[in-house]
Amino acid sequence: MVVKFLAATALALVAVTNGAWAEDYPARTVTVIVPFAAGGPADITGRLVADIFSRHLGQKFVVENVGGAGGTTGALRAAKSPADGYTLLSGHLGTNALAPAFYPNLAYDPQKDFVPIGLSAEYPEVLVVRKDFPAATLKEFIAYAKANTDKLNAGHAGVGSVSYSGCLLLNAAIGIKPTMVPFTGTAPVINAMLAGQIDYECDPVLGPLGQIRAGNLKALAVAAKKRSPLLPDVPTSHEQGLPQFDIAPFYAIFAPAGTPQPIVDKLAEALNKGLSEEAVQKRLSELGAEVIEPGRRGPKALGELVKSEADRLLPILKAASAK
Ligand code: MLT
């Protein structure tokens, strides 16, 4: 009886404390971990969402770039942070769904160690080659890559990153094994391509867009069924007969598991408000993302997306890795 009473009192106390936290939250600066280098798709998206939170929650949300190991270094740091709403992860398809395909001993469980807050954006990937690469179409790329696989190199943001998984799907579909060169993000991959050190990469469209438009890199295929309105002249992988190269990674906000529900709700509501703003929708479409419909926003929809993407892609990527 006494034990039951004490347990009930303790539970009530936790609920009251959590409620009080949530009322005051955020009472100080919040860190948003972006697990890749500055200047790439993860960083651009993470900063856009940090700005939404800052404006709607009246506190500073500051991005910290923690690159390494395909995003898993930063994701692990977020997973092990106190579950008090003051450290969040701006993760993505790789860090929060696919990493177990590549790291059997991953020190965090993407589905158990995080609570989803909401989807930020989804962008199709694009196959990009250096300016003087001897191919102007996917067909020519395949022919050249097959004949020169030994001297070919692909840049990516670390094993488990979405640029890695994208090129893995491409390479497995074509049957090539180039040297895969890791960086801490795709922004440094692009610099290496501009310097002629890397032949190709598979990157969400917003990453290489500026350099493609400036004519410094060539886009050969959009990894989707539908062309990107930002690159209307670039045919899709489906149009060019390579439907296996199809990937549009999600970018999303997560908190460490155990974060009090009222804080999760506050963050989800702020993100939802931001995604409804005209200026944010315009910016996201300039980056190559479609508007996320209200039904796909929030913790529940993101939890389902993580699970369905993991179920769909983990077997495909494990098989592609084994090849
Ligand atoms: C980046 O921001 O560098 C990329 O989105 C990381 C990745 O390829 O997963």
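If contacts are Cα pairs under 8 angstrom and at least 6 residues apart, what is the relative contact order of the chain in percent? All intermediate terms of the calculation are to be shown ahead of the outcome.
Details: 649 pairs, mean separation 82.8, N = 323.
RCO, the chain: 26 percent.
Would you list the P(r) distribution for region 24-177, with all Cα-Cα distances sorted into 5 Å bins from 0 and each bin expressed as a whole %?
2, 9, 16, 19, 16, 12, 10, 7, 5, 3, 1, 0, 0
Rounded, prolate or oblate: pick one for region 102-166, where a ≥ b ≥ c are the square roots of the eigenvalues of its C-alpha gyration tensor, a/c under 1.5 means rounded, and failing that, prolate if a/b is larger than b/c, else oblate.
Values: a/c = 3.95, a/b = 2.05, b/c = 1.93.
Prolate, since a/c reaches 1.5 and a/b exceeds b/c.
When the helices in the chain are scored as -39500 (n - 2.57) per DSSP H run of 4 or longer and the sum is shared across all residues, what 222 nm value do you end up with, to the nearest 500 deg cm²/dmol?
Numbers: 10 runs with 135 residues, N = 323.
So the calculated ellipticity at 222 nm is -13500 deg cm²/dmol.
Once you put a point 7 Å from the Cα of N105 and another 7 Å from the Cα of S285, both along the Cβ direction, what distance in nm separates them?
4.9
Would you mind ranking Y144, Y108 so that the residue whose beta carbon has the fewest other beta carbons within 10 Å leads the list?
Y144, Y108
Work out, step by step, the length gained on full extension between L314 and R227: first 0.36 nm times the residue separation, then minus their alpha carbon distance; give nm to one decimal. Kindly include the intermediate steps, with their values, before the conclusion.
Values: separation 87, 0.36 × 87 = 31.32 nm, distance 2.53 nm.
Full extension of this stretch gives 28.8 nm more.
If we count other beta carbons within 10 Å of each Cβ, what is the order of H238, H156, fewest first?
Taking fewest neighbouring Cβ atoms as first place, the list is H238, H156.
Can you compute the FRET efficiency between M180 and K300 using 1/(1 + (r/R0)^6), with r the Cβ-Cβ distance and R0 = 30 Å? Round to the nearest 0.05. Display every interim value, and only then the final one.
Numbers: r = 36 Å, r/R0 = 1.20.
After rounding, the FRET efficiency stands at 0.25.
How big is the convex hull of the Cα atoms of the chain, per residue, in Å³? Walk me through the numbers before you get to the answer.
On the way: hull volume 41.9 nm³, N = 323.
Taking the convex hull of the Cα positions in the chain, it is 130 Å³ per residue.
For region 167-323, just say rounded, prolate or oblate: build the C-alpha gyration tensor, square-root its eigenvalues into a ≥ b ≥ c, call rounded for a/c under 1.5, and beyond that prolate if a/b exceeds b/c, oblate if not.
On the way: a/c = 1.86, a/b = 1.45, b/c = 1.28.
Since a/c reaches 1.5 and a/b is larger than b/c, the shape of region 167-323 is classed as prolate.
Rounded, prolate or oblate for region 250-318? Axes are the square roots of the Cα gyration tensor eigenvalues, ordered a ≥ b ≥ c, and the cut-off for rounded is a/c under 1.5. Walk me through the numbers before you get to the answer.
On the way: a/c = 2.48, a/b = 1.15, b/c = 2.15.
Oblate.
Just from the alpha-carbon atoms, what are the Rg and Dmax of region 125-222 in angstroms?
Final numbers for Rg and Dmax: 11.7, 31 Å.
Quick one: Cα centre-to-centre distance for region 178-242 and region 70-126, in angstrom?
24
For a 31 Å ceiling on Cα separation, which of these pairs sit above it: K226/K282; K80/K218; K139/K307?
Working: K226/K282 20 Å; K80/K218 40 Å; K139/K307 34 Å.
Checking Cα-Cα distances, K80/K218; K139/K307 exceed 31 Å.
Can you sort L317, L127 so the residue with the fewest Cβ neighbours within 10 Å comes first? List each step's numbers first, then the result.
Details: L317 22, L127 27.
So the residues, fewest neighbours to most, are L317, L127.
Please build a GNM for the chain, connecting alpha carbons under 10 Å apart, and tell me which residue among L93, L231, L106 fluctuates the most.
L106
Once you put a point 7 Å from the Cα of T29 and another 7 Å from the Cα of A192, both along the Cβ direction, what distance in nm separates them?
3.2
Read-outs throughout are calculated quantities, based only on the coordinates presented, and are distinct from any laboratory measurement. Because the structure is a prediction, the values reported are computed rather than measured. Don't worry about glycine lacking a Cβ; one is built from the backbone with ideal geometry, like all the others, and counts go over all protein chains shown.
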